[in-house]
Amino acid sequence: MPDLVGVDEGVLCFRKTKPTGSVRFFLWNSVTNQSVKISVPNVVSSGTILRSGFCFHKDNQEFCIVLIWSSTNNLEPTYMSVFSSFNRKWSDVSEPVYDANSLFDSSIHIDGKIYWLSSNKDINYGELNVLVSFDVKERTWSINKIILKLLAGSCVGQVQVIS
């Protein structure tokens, strides 16, 4: 079953991992019922940890898939590539600022940026969670420390961004 990566401008992005470990993305336009199949870059091997995000960038008039990956053994660095619907190619960008193994798989996009939350508090950031963002237009990373306070007995809480 494919995983939903994101939705923007009526286009849904899915990621499917086959039993062999190979990964493909699918973009489906719900209005026109057209779909596009996208293979991941050849340098991504099976058995790697993948994190992905999806958005439409209004300034560039393109859909983008951001893919972050690292090995499961933490012996290799984390890598990243961006797929552009404009030229239908993957391109490498600057080295990610955070390990893919330490991020939740889900992402959100707001105003041309894609965000991932760290899955645990990080000792390198004062025992706080971090919010990693990637600016699709500028192709730049940023990282902010955040304080998460859950309200008792619920999954609703407060978030304070420290920068």
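The values are calculated or read from the model by the stated rules, or taken from the named source; none is laboratory data. The shown structure was predicted, so the numbers you read here are calculated from the model rather than taken from an experiment. FYI the Cβ positions are ideal-geometry reconstructions off the backbone, even for glycines, and counts take in every protein chain you see.
Screening region 10-36 for residues that are part of a strand (DSSP E or B) and among the charged types (D, E, K, R) and picking the one that is surrounded by the most Cβ atoms within 10 Å (Cβ to Cβ) gives ARG15. Just one of the listed residues (SER81, SER45) is part of a strand (DSSP E or B) and at pLDDT below 90, and it is SER81.
Would you confirm, using the coordinates I've provided, whether ASN60 is surrounded by fewer than 16 Cβ atoms within 10 Å (Cβ to Cβ), touching a residue at least 60 places away in the same chain (Cβ under 8 Å) and either within 16 Å of SER133 (Cβ to Cβ) or among the polar types (S, T, N, Q) (or both)? Here the answer is yes, as ASN60 does meet what is asked.
The set of residues in region 21-40 being at pLDDT below 85 and either on the phi < 0 side of the Ramachandran plot or of a type in the set (Asp, Glu) (or both) consists of SER22 alone.
Contact annotation: residue pairs with Cβ atoms under 9 Å, 6 or more positions apart or on different chains, pairing a residue in region 28-56 that is in contact (Cβ under 8 Å) with a residue 40 or more places away in the chain with a partner that is acidic (Asp, Glu) and crowded, with 16+ Cβ neighbours inside 10 Å, are ILE49/ASP99; PHE56/GLU62. Filtering region 132-163 to residues that are surrounded by 10 or more Cβ atoms within 10 Å (Cβ to Cβ) and modelled with pLDDT under 65 leaves LEU150, GLY157, VAL159, GLN160.
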